[in-house]
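A.B. asks: Right, I'll just put the structure down here and ask away after.
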Amino acid sequence: SADYMITSIALRCESTVWDITQKGYEKKRSKLIGAYFPQTPGNTFFLFVKLNQLHAGQFESTLFVLGMDPSLSQERRTPVTSSSSSRYHRRRSSGSRDERYRSDVHTEAVQAALAKHKEKKMAVPMPSKRRSLVVQTSMDTYTPPEGDGEEEDGEGGGGTSSRAGSLSMEHWISRAIHSTSSTTTTTSSAASSSSSSTHSGGSGAASGRLADVLAQHVHISNHSAPPDVTSYTNITANTTTDGIQVDKAPGAGTTAQKQTPKYGNAELMETGDGVPVSSRVSAKIQQLVNTLKRPKRPPLREFFVDDFEELLEVQQPDPNVPKAEGAEVVTMAGEQLGVVTNWPPSLEAALQRWGTISPKAPCLTTMDTNGKPLYVLTYGKLWSRSVKVAYNLLHKLGTKQEPLVRPGDRVALVFPNNDPAAFMTAFYGCLLAEVVPVPIEVPLTRKDAGSQQIGFLLGSCGVTVALTSDACHKGLPKSSTGEIPQFKGWPKVLWCVAESKHLSKPPRDWFPHIKEANQDTAYIEYKTCKDGGVLGVTVMRIAMLTHCQTLTQSCAYTEAETIVNVLDFKKDVGLWHAVLTSVMNMMHVISIPYALMKVNPLSWIQKVCQYKAKVAFVKSRDMHWALVAHRDQRDINLSSLRMLVVADGANPWSISSCDSFLNVFQTKGLRPEVICPCASSPEALTVAIRRPLDEGCAPPGRGVLSMLGLSHGVIRVDSEEKLSVLTLQDVGMVMPGGLMCTVKPEGIPVLCKTDEIGELCVCTVATGTSYYGLAGMTKNTFEVYPVCNSGTPISEFPFTRTGLLGFIGPAGLIFVAGKMDGLMVVGGRRHNADDIVATALAVEPMKFVYRGRIAVFSIPVLHDERIVVVAEQRPDSTEEDSFQWMSRVLQAIDSIHQVGVYCLALVPSNTLPKTPLGGIHLSETKQLFLEGALHPCNVLMCPHTCVTNLPKPRQKQPEIGPASVMVGNLVSGKRIAQASGRDLGQIEDNDQARKFLFLSEVLQWRAQTTPDHVLYTLLNSRGTIYSSLTCVQLHKRAEKIAAMLAERGHLQDGDHVALVYPPGVDLIVAFYGCLYAGCVPITVRPPHPQNIATTLPTVKMIVEVSQSVCVMTTQVILKLLRSKEASAAVDVRSWPPVMDTDDLPKKKPPLLYKPSNPDTLAYLDFSVSTTGMLAGVKMSHTATSAFCRSIKLQCELYPSREVAICLDPYCGLGFVLWCLCSVYSGHQSILIPPSELEVNPSLWLSAVSQYKVRDTFCSYSVMELCTKGLGLQTDSLKSRGVDLSRVRTCVVVAEERPRIALTQSFSKLFKDLGLHPRAVSTSFGCRVNLAICLQGTSGPDPTTVFVDMRALRHDRVRLVERGSPHSLPLMESGKILPGVRIIIANPETKGPMGESHLGEIWVQSGHNASGYFTVYGDESLQSDHFNSRLSFGDTQTIWARTGYLGFLRRTELTDASGDRHDALYVVGALEEAMELRGMRYHPIDIETSVIRTHKSITECAVFTWTNLLVVVVELDGSEQEALDLVPLVTNVVLEEHYLIVGVVVVVDIGVIPINSRGEKQRMHLRDGFLADQLDPIYVAYNM
């Protein structure tokens, strides 16, 4: 068994019972891991033995695996042959990785876990990326400079030398995986780009096996199958041993060569409208849906849904969770601190003593980057220089009367890592001057990660002076004048160079005041918190001295010993041993700068030999680097070492470095008992340190703990079969003179049980005392008074929290399992970030992560922490590599930790923010992630797998009968929700037009009575009048059109004519010409010359559906209809006859047509709804006249009025205002085509000002254009005399919920031009009634209410205060028009609703349309929409259904008639609303949330596809930002709407189609996405 390299944790017991033979070992091993690997002898696996009865009675031995490797007693003494050590190096020769977390056994466990998955197929759609993005992330763009940043904690791992993975096992596994992949993947490899590839990759074993993450059923008792996200039925899992059977995703031919369809020609998929779509996108979505069919989630438990609150699912405690069962922990005391008689009374006294009695004794030797001694500082020099610094600090700064620094003031020490001598001098100078040093890192640039927080610390400490070295001072960034700029967030400081040649000599009679150590502050050590804030830990002089004494006693230091230090000497273990304790004991420190370690990782070992050093201070990464660089040097001898202190020994993952190091260097005289891990924290200083044992003692035991147990906070020795274990080594005993206990990490600090993990707390003089200047925080988090279970405190003295999680093991040994800072509580279980990093790094033997740089943190989303993993990828990695790595990491973390990763992001190498020592700056990384500024090159979100606390899908309640609704409303005193405008019959007005039944008669009457009155004025883009029409001109030209229709067209009465005109007067003339000829006009928007292919088919469709027998248009458009592009878009031969009206015949028609019946058709109104449906409605002559009269009364329109109209004149209220109202009311309409605003955005507002208009109408797109286009020009408009103060109504014509944000920003923006904010309002119309509400001149201002968005999803209205969470502002849609009655009805039961209840708006009025005009004659739809009756109550009245949800609310205001005013609030269209999880969502609400989340999102549209929510966002920024949006969009929709986004699509500006009313065409977008026509920048499929 000498051949078996016991690198990690093979612990076997001395007793012969356990001494396993080679054969027995193989047998045991095959039983353990036979499930995972084909058998090949020669691969080691480690055996964990659970000793129940080994030392019964001594302690709870179930917790521990104790004892010693039997081979240690015989073979370890004999030198290991060089062949085995060289074999060790061969294995480690290439690649490079962060070695804090290297654990061979963990790597093996992870590989084994992954191997379980390897047979399954990958079923995850890979994200599609635009070519440019793929190219961006390629090697050439990111060949980064090697980081110069000094690595701290090896967080950047790395270093210059490269190294291979751990055991040959790794290579062998990866080979195994690859060989299987060749057989299973018969089709595609992952396609990296959406635009270039024909199959949508992501199948096959090689592209990562993510489906298995979702499919594999981890065997924990509380995981059973979840509900299906795509249909609301619970699927019971068939929990076979393989986990859930997953439908194999199409795309990977299985080994049995089942014929599955390939993605390239995905099966036809039906869209919502039953349109077959064949495309890669839809195939990917189908694949995603299949993958999500059975996501792994705990079962939804029954819970109570309050009437208004949707409660989030609360995780019920699982009865099978491991619980702590031990007795209460007993406080552990360290040995007595033996006060030696000659210990100095203070550190300054020690310095004075050595400086005067042995001034030649060496104190510190510094090295240059070649490893040559640069400088030796003697105790005499240190003493004299420190005195000089003290004198200059107190007497040479500021003036005699006003010294800048007084005793007790704080001073910053800014020294580089290669100059310990200058630092030491300055530090002791401060101590002698009784000034408090605050050592910090050297700021390299003005914007270092975290420098702002350091600045905040300096500011709160009141630092005004910064001491630095000459070289450092020269290297600081300077402004052009040579000044050192103020760093971001820093206070103003005076920079002083603390070197002898720059300082004045103190007078002969001046001596520093040397006192005994007292309660004054000695120094402040900075500490970076989890949130990135920097705190200062104050250490008193007595604590500093006592700490040095405890270290001297623990480490048995003697005078003049030589020690080697590789650590940072400005803080932590480096400062305590190499600057403070060393001076107390007159020791000689050999300081190895970081720069030398980068060049020569063996330098510290060489110095240990050269100086015969007794003690060395390293981190595990230094041991690892030495291993890698070690090439069997002959001259290395480490036998002088009595202690090798491992400063990060508390990190569980340091154990493998210790073991490997011992393994190799035992031949060089390194004794096993020399390795001494220690645990420390900024608050508690040294928490524990392993003492050097006497030779021949049994090495201390180790704990092999179950990760599952740890996540529940309990200690369980793992059974042998488990892969997820954490092996711990002890960090020695409690410090001399100290007490230690463990308390529960959250809540009341109750003592833990013996088998429970808690926060270690110590009570001793030798700790920090407070966070500087933060009394509250010190009381709450620094100090703690632990209590027993009964609640009584265990001590009157406060304990100090160490921030370390662990337990006190048998024989008083301290074990640390992680840090509080790295703790992430997910779903009630605790996970340590370090453990997850270790698992992620163990995944990839191919070394995918650049220098092992991985950041793991958690973010709160939807009331739980969610884990985010961010890794830097190697510059040469491909899309495929990264996707494969990501999917394997997800599997590994899921298998080992049983926790889901919410988001996995990859960034290019060297782009994560660094700490001053080159590690990853975690809080800054998290901040960038949350701000959407991390710019990852790959993102994988897994909300479907992680988010298990969504509210339960809503079950629709059985409907209540009509009688009970009536009774219910009566009892609660609710009115039935109904309202009406003024009654037309009772309004007395001198309306001359009323005596005519037909508009054509009104025009003839006006042509006779006021022939020269101008009705229409058309403006061009320069604001000048392009053409105008008087009453008589309009009449004459209309006559000519009528003649032309009769003569050329041979049309009959009632024939349909399509009018294809640009917005203008020709359209109006043609319309009245049709009325004169007895034809029925249909206005059609002309095709767009730049976009014939998409706009012409719509024109053609309207002409065909409306059964037009002829088309009238202009010559320009006629040419367009006959152009080559047109014939490519539609079949030109099937057009009806087309006439151009530019040259009209001279003669007038013999007779003007007069309809016999006012109920016959006047015109047809065609419009394409936002859902892409084309609907034409029939308007009779009666309805048309009633409509015009209603508007005339509401807006008080008379011939003397002028109205400006900036609308599209093709349908709805826009058409009526443009063509009809002026003829009826006689007012002058100033017509402004919206297209002209693209040339001149100020056209509309200038015209309103110039013509002193009081009433104006526009659309949302016009308003948006003005808001965006004129935002910065209000001053120049004002100077040009634009004045909007006369406007009393500015109405937005719309068929949707009012866009409050837009109308408000418009009002605010143009307030400076005199626009009254109350003037801006909206109207509301729909297909069945083109205008229901319109804010008139009189009547109360529109009101706004705030409703709870969550209640709205349940079809309830709940009014809330402004600014309350989940509130949604709704503005009244103008006043109800005269002659209009409204009722709110339940869309399902058709019963009337109470006031303030959400229901469908039903309308009855004289100007309702009389029905749909369709070729199909769909009678049922017709009668349902136009002729509905209530199911109870007033069942006689005939109503038209608007298809919009809304509610009525009686306000406190009174209307013109003196009654209380009823306000109508429109919520949204029923056909647009999305049913998700049983709730009703309006797309606009989700879109508003999404647009708010990042400044680069300019527009957003959402739709559903196969029950997946798809979010499309337009990106205004560089394509590199596209991936930042994916997590942000997912987070906000989860937080605010409790929905999981299935697909996030990032597109260019202008891709989301918008119609003429400014409404998003979400269905067009959906069809375009599914047909793969959007050319998206990035498509992310959330798992």
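The values are calculated or read from the model by the stated rules, or taken from the named source; none is laboratory data. Model, not experiment: these values are computed from the prediction. Here the Cβ is made from the backbone with ideal geometry for all residues, glycine too, and neighbour counts use every protein chain on show. When the accessible area is computed, the model is the full protein with side chains, heavy atoms only, and any ligands, DNA or RNA have been set aside. Shrake-Rupley method; radii C 1.70, N 1.55, O 1.52, S 1.80 Å.
A.B. asks: Distance in nm between label sites at residue 1151 and residue 995, each 7 Å beyond Cα in the beta-carbon direction?
C.D. replies: Roughly 2.4 nm, to one decimal.
A.B. asks: Carbon and sulfur atoms: what percent of the 1.4 Å accessible area of region 814-861 do they account for?
C.D. replies: Roughly 59 percent of what the probe reaches on region 814-861 is carbon or sulfur.
A.B. asks: Could you pull out every residue, at least 5 positions away or on a different chain, whose amide H is within less than 5 Å of the one on residue 1499? Hs are placed 1.01 Å off N in the peptide plane, and Pro or chain starts have none.
C.D. replies: 1514
A.B. asks: Right, next: Output wanted: per-residue J couplings in Hz (rounded whole) for region 1192-1203, from phi through Karplus 6.51 cos²θ - 1.76 cosθ + 1.60, θ = phi - 60°, x for Gly and Pro.
C.D. replies: Using θ = phi - 60°, the values come out as 4, 5, 5, 9, 6, 9, 9, x, 7, 7, 10, 10 Hz.
A.B. asks: Relative to the present Cα-Cα distance, how much length would full extension add between residue 1174 and residue 787 at 0.36 nm per residue of separation?
C.D. replies: So the chain would gain 132.0 nm between residue 1174 and residue 787.
A.B. asks: Rolling a 1.4 Å sphere over the protein heavy atoms, what is the accessible area per residue of region 453-552, to the nearest Å²?
C.D. replies: I get 46 Å² per residue for region 453-552.
A.B. asks: Let me ask something else about it. Carbon-plus-sulfur fraction of the accessible area of region 1164-1308, 1.4 Å probe, in percent?
C.D. replies: Roughly 52 percent of what the probe reaches on region 1164-1308 is carbon or sulfur.
A.B. asks: Taking Cα centroids, how far is region 799-815 from region 454-501 in Å?
C.D. replies: 40 Å
A.B. asks: Using the Karplus equation 6.51 cos²θ - 1.76 cosθ + 1.60 (θ = phi - 60°), what ³J(HN,Hα) coupling, rounded to whole Hz, does each residue of region 1569-1583 give in order, writing x for Gly and Pro?
C.D. replies: 5, 5, 8, 6, 10, 8, 6, x, 6, 7, 10, 10, 9, 6, 8
A.B. asks: How large is the dipole of region 1204-1360 about the Cα centre if only Lys and Arg carry +1 and Asp and Glu carry -1, each at its Cβ, rounded to the nearest 20 debye?
C.D. replies: That gives region 1204-1360 a dipole magnitude of about 460 debye.
A.B. asks: Could you check how much of the accessible area of region 1417-1560 is carbon and sulfur, as a whole percent, using a 1.4 Å probe?
C.D. replies: Carbon-and-sulfur percentage of accessible area, whole number: 48.
A.B. asks: Counting only residues 5 or more places away or on other chains, whose amide H sits under 5 Å from the amide H of residue 540 once H atoms are built in the peptide plane?
C.D. replies: 522, 769
A.B. asks: Report the local net charge at residue 355: Lys and Arg +1, Asp and Glu -1, summed over other residues whose C-beta lies under 14 Å from its C-beta.
C.D. replies: Neighbourhood net charge equals +4.
A.B. asks: Putting +1 on Lys and Arg Cβ atoms and -1 on Asp and Glu Cβ atoms, find which of 859, 812, 800 reaches farthest to the positive end of the dipole of region 744-867.
C.D. replies: Positive-most Cα among the choices belongs to 859.
A.B. asks: To continue, here is another question. Just add up the charged neighbours of residue 555: K/R +1, D/E -1, any other residue whose Cβ is under 11 Å from the Cβ of residue 555.
C.D. replies: Once positives and negatives cancel, what remains is +3.
A.B. asks: Please give, to one decimal in nm, the separation of the simple spin-label points placed at residue 1438 and residue 1098, each 7 Å out from Cα toward the Cβ.
C.D. replies: About 3.2 nm separates the two model spin labels.
A.B. asks: Is any residue of region 1157-1193 close enough, with backbone N under 18 Å, to a label point placed 7 angstrom from the Cα of residue 1134 along the Cα-Cβ axis, and if so, which?
C.D. replies: Counting only backbone N, you get 1174.
A.B. asks: Roughly how many Å² is the accessible area per residue of region 1164-1269, as a whole number, for a 1.4 Å probe?
C.D. replies: Heavy-atom SASA per residue in region 1164-1269 reads 24 Å².
A.B. asks: Further question on the same structure: Could you tell me which of the pairs 381/515; 1100/1375; 619/668; 360/614; 488/598; 819/926 are separated by over 26 angstrom between their Cα atoms in the structure shown?
C.D. replies: In this structure, 1100/1375; 488/598 lie more than 26 Å apart at Cα.
A.B. asks: Which order do the peptides 1220-1233, 1044-1057 come out in when sorted by mean C-beta neighbours inside 10 angstrom, highest first?
C.D. replies: 1220-1233, 1044-1057
A.B. asks: So, for region 561-706, what is the accessible surface per residue at a probe of 1.4 Å, expressed in square angstrom?
C.D. replies: That works out to 23 Å² per residue.
A.B. asks: Using the Karplus curve 6.51 cos²θ - 1.76 cosθ + 1.60 with θ = phi - 60°, work out ³J(HN,Hα) for each residue of region 1103-1112 in order, rounded to whole Hz, and write x for Gly and Pro.
C.D. replies: Here the 3J(HN,Hα) series is 4, 6, 5, 7, 6, 5, 8, 7, 10, 10 Hz.
A.B. asks: Report the local net charge at residue 469: Lys and Arg +1, Asp and Glu -1, summed over other residues whose C-beta lies under 10 Å from its C-beta.
C.D. replies: That works out to -2.
A.B. asks: Another one. Gain in length, residue 1088 to residue 1252, computed as 0.36 nm per residue apart minus the alpha-carbon separation, to one decimal in nm?
C.D. replies: 55.7 nm
A.B. asks: Taking the Cα centre of each part, how many Å lie between region 1177-1238 and region 870-941?
C.D. replies: 59 Å
A.B. asks: Now for a different question. Starting from the amide H of residue 1467, placed 1.01 Å from N in the peptide plane, find each other amide H under 5 Å away whose residue is 5 or more places distant or on another chain.
C.D. replies: 1445, 1446, 1447
A.B. asks: Arrange the peptides 1086-1096, 477-487, 998-1008 so that the one whose residues have, on average, the most other Cβ atoms within 10 Å appears first.
C.D. replies: Ranking, from highest mean packing down: 998-1008, 1086-1096, 477-487.
A.B. asks: Here's a follow-up. Placing unit charges on C-beta atoms (Lys and Arg positive, Asp and Glu negative, everything else neutral), compute the dipole magnitude of region 1054-1153 about its Cα centre in debye, rounded to 20.
C.D. replies: 140 debye
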